[in-house]
Amino acid sequence: MNTLNLASALLPSGWARNVRLELDASGNIAAVTADGRTNGALRIDGAVLPGMPNLHSHAFQRAMAGLTETAGGGAGGGSGGEDSFWSWREVMYRFVARLTPDDLHAIARQLYCEMLEAGFTAVAEFHYLHHDPDGQPYADRAEMSRAVIRAAQETGIGLTLLPVLYVAGGFGGKPAGEGQRRFLNSVDDYLRLVETLAGAHREDPQLRVGIAPHSLRAVPPEALRDAVVGLQGMDPDAPIHIHIAEQTKEVEDCLAWSALRPVDWLLQHAPVGPRWCLVHATHMTTGETTGLAATGAVAGLCPTTEANLGDGVFPLVSFLGASGRFGVGSDSHISVSPVEELRWLEYGQRLVARRRNVAPQGWAGAAGAATGAGLHGRALLGGAQACARPIGAIGQGRRADLVVVDAEHPLLVGREGERLVDSYVFAGNAPLVRDVMVGGEWVVRDGRHRDAERIAAAYRATMKRLAG
Ligand code: NGQ
Ligand code: ZN
């Protein structure tokens with residue numbers, strides 16, 4: 001047993017001082033005592049928060065962050081040759097065409113290092129780059145998945161690996177295009193991949209395997225049903241993530257195909273419930289919003305990517321008003337920061353509503369509610385649910401995933417409790433995360449990952465080769 005004395009910590013019951021944690025050998029919290037007594041063991045000054053789960057990541061996209069910000073990309077759909085999500089996607093397909101398993105490993109490892117330094121202690125990797133550049137499976141079909149797993153293991157971040165099922169190029173089983181051939185699998189091959197990975201990590205407290213039908217565009221109804229049924233036989237509690245209604249064109253195409261909007265279609269045709277995560281449920285009617293909330297599924301919100309790609313604004317107040325659950329993800333990694341996701345979740349609402357403190361209008365007891373702290377707390381719970389691992393809170397039986405915020409930093413000094421979290425979320429442009437523990441191991445000290453230099457050197461070599 002390893003003991004930690006925390007000067008100040010955010011527990012499920014609220015902020016407490018002099019909290020003692022007992023950690024077991026596998027990195028779980030065995031006991032939490034908030035009696036104000038310390039026992040001489042290691043004392044952690046600073047404000048300790050639960051580590052934030054990052055519920056949506058496409059790791060390889062970190063390496064193209066900033067490379068699609070030039071006007072006139074044009075091609076690839078959207079209207080009038082303007083830059084759009086669809087033209088961005090064409091650029092992304094060209095980028096992806098060259099990546100090897102070693103490249104993916106170097107990129108994911110650098111990204112996960114950055115996530116940890118920013119205070120994300122777990123990630124759900126929505127992983128769809130399965131095959132070689134010609135679309136042929138590697139001799140080991142799990143080769144790319146294993147590159148992601150190694151990156152997580154080497155950095156120490158907790159991983160929910162979601163191999164992606166990708167079958168078609170658009171609604172109605174439209175054939176996949178050349179840029180999508182590395183993603184494609186039959187449902188049978190796909191389920192074998194999931195089973196192999198899940199079997200190899202069944203006892204691993206740092207890793208959980210689930211499934212991710214890419215979208216209703218890429219997965220026809222029978223394939224979706226077969227994947228969900230197949231998972232049921234393997235691991236009935238495993239998470240299921242899907243991209244759902246990110247772009248208005250996607251909604252229009254779904255209506256043309258099925259006469260239903262994407263969220264409506266999914267709610268009517270799939271057993272959506274608490275182990276589901278609907279990523280980018282951006283475009284919903286009020287009926288879809290309350291319907292989704294009622295299932296207990298998590299809405300996966302990725303505000304910086306959704307802004308970068310010009311997606312739209314999520315109906316946050318009505319979703320929260322219906323007790324909807326959400327978590328945040330950094331998705332394309334144009335930004336890698338939990339506080340920036342939370343801040344932009346609220347700012348998008350303010351810009352549209354022309355008001356302040358908008359999110360609390362959706363939750364009970366809005367008056368006096370702390371916006372940043374409230375969003376942060378909800379994203380911990382929703383993120384943990386979506387990752388389907390015992391994380392997101394400092395409590396008995398959870399992983400010891402802790403983020404120590406520098407309470408002496410000029411931006412935070414003199415602030416406590418909810419005011420401190422509000423300041424961390426909204427004013428935290430300087431890095432305020434000092435130390436990070438995942439599964440009982442310190443991986444970040446004084447703002448730096450323990451292996452940051454070596455990992456960055458390997459990443460630089462990879463990027464120079466890719467650029468050459
Ligand atoms: C993805 N990204 O899978 O990387 C997608 C774009 C698509 C986001 N949805 C590709 N943000 O949806 O077809
Ligand atoms: Zn995505």
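The values are calculated or read from the model by the stated rules, or taken from the named source; none is laboratory data. Only a predicted model underlies this, so the values are computations on that prediction, with no experimental measurement involved. When we count neighbours, we look across all protein chains shown, and the Cβ atoms used for this are built from the backbone with ideal geometry, even at glycine. Ligands, DNA and RNA are stripped out before the accessible areas are found, and what is left, the full protein with its side chains, is counted by its heavy atoms. Shrake-Rupley method; radii C 1.70, N 1.55, O 1.52, S 1.80 Å.
For region 221-267, filtering for residues that are open to solvent by less than 10 Å² (accessible area, probe 1.4 Å), in contact (Cβ under 8 Å) with a residue 60 or more places away in the chain and of a type in the set (A, V, I, L, M, F, W, C) leaves 3.
Can you confirm whether residue 93 is part of a helix (DSSP H, G or I), hydroxyl-bearing (Ser, Thr, Tyr) and more than 27 Å from residue 251 (Cα to Cα)? No. Does residue 124 count as outside any helix (DSSP H, G or I) and within 16 Å of ligand 1 (Cβ to nearest atom)? For residue 124, the condition - outside any helix (DSSP H, G or I) and within 16 Å of ligand 1 (Cβ to nearest atom) - is met. Residue 412 passes every criterion in (1) at pLDDT below 95; (2) of a type in the set (A, V, I, L, M, F, W, C); (3) touching a Leu at 6+ places or on another chain (Cβ under 8 Å) apart from (1). Taken as a whole, the condition of being at pLDDT below 95, open to solvent by 40 Å² or more (accessible area, probe 1.4 Å) and assigned to a loop (DSSP other than H, G, I, E, B) does not apply to residue 76. Against the definition (in contact with a helix residue (DSSP H, G or I) (Cβ under 8 Å, 6 or more places away or on another chain), open to solvent by 30 Å² or more (accessible area, probe 1.4 Å) and polar (S, T, N, Q)), how does residue 206 come out, yes or no? Answer is yes for this residue.
Within region 326-358, the set of residues being touching a residue at least 60 places away in the same chain (Cβ under 8 Å), of a type in the set (D, E, K, R) and open to solvent by 10 Å² or more (accessible area, probe 1.4 Å) comprises 343 only. Of all the criteria given as (1) touching a residue at least 60 places away in the same chain (Cβ under 8 Å); (2) closer than 23 Å to residue 329 by Cα, the one not satisfied by residue 406 is (2). Please specify each residue of region 150-168 satisfying the condition of being in a helix (DSSP H, G or I) and either open to solvent by less than 10 Å² (accessible area, probe 1.4 Å) or over 20 Å from residue 60 (Cβ atoms) (or both). Passing the criteria: 151, 152, 155. For residue 247, the criteria (1) touching a Leu at 6+ places or on another chain (Cβ under 7 Å); (2) over 12 Å from residue 171 (Cα atoms); (3) within 16 Å of ligand 2 (Cβ to nearest atom) hold in every case but one, which is (1). With respect to residue 228, is the statement that it is closer than 21 Å to residue 56 by Cβ, touching a helix residue (DSSP H, G or I) at 6+ places or on another chain (Cβ under 8 Å) and β-branched (Val, Ile, Thr) true? No: the conditions fail for residue 228. Within region 41-62, if we keep just the residues that are among the small types (Gly, Ala, Ser) and outside any strand (DSSP E or B), the residue that is farthest from ligand 2 (Cβ to nearest atom) turns out to be 41. If only residues of region 268-289 that are touching a residue at least 60 places away in the same chain (Cβ under 8 Å) and away from ligand 2 (no atom under 16 Å from the Cβ) are counted, the one that is most open to solvent (accessible area, probe 1.4 Å) is 274. Within 22 Å of residue 264 (Cβ to Cβ), within 16 Å of ligand 2 (Cβ to nearest atom) and not charged (D, E, K, R), is that true of residue 300? So residue 300 passes the test.
Applying a threshold of 7 Å to beta carbon distances and a minimum spacing of six or more residues, or different chains, the list of pairs starting in region 14-42 at a residue that is over 19 Å from residue 417 (Cα atoms) and ending at one that is in a strand (DSSP E or B) and open to solvent by 60 Å² or more (accessible area, probe 1.4 Å) reads 23/2; 27/441.
Have a look at 176, 200, 218 and point out the one that is open to solvent by less than 30 Å² (accessible area, probe 1.4 Å) and either within 16 Å of ligand 1 (Cβ to nearest atom) or modelled with pLDDT of 95 or more (or both). Unique residue meeting the criteria: 218. Flag set for residue 171, criterion: at pLDDT 95 or above, within 16 Å of ligand 1 (Cβ to nearest atom), aromatic (Phe, Trp, Tyr) and open to solvent by 10 Å² or more (accessible area, probe 1.4 Å).
The residue that is farthest from residue 329 (Cα to Cα), counting only those in region 270-287 that are within 16 Å of ligand 1 (Cβ to nearest atom) and among the β-branched types (Val, Ile, Thr), is 282.
Which of the residues that make up region 224-239 are more than 16 Å from ligand 1 (Cβ to nearest atom) and within 25 Å of residue 255 (Cβ to Cβ)? Matches in region 224-239: 225, 226, 227, 228. Among the criteria (1) free of Cβ contacts under 8 Å to residues at least 24 places away in the same chain; (2) not in a helix (DSSP H, G or I), the one residue 66 does not fulfil is (1).
On the stretch given as region 310-325, residues that are buried (at least 22 other Cβ atoms within 10 Å of the Cβ) and within 15 Å of ligand 2 (Cβ to nearest atom) total 1.
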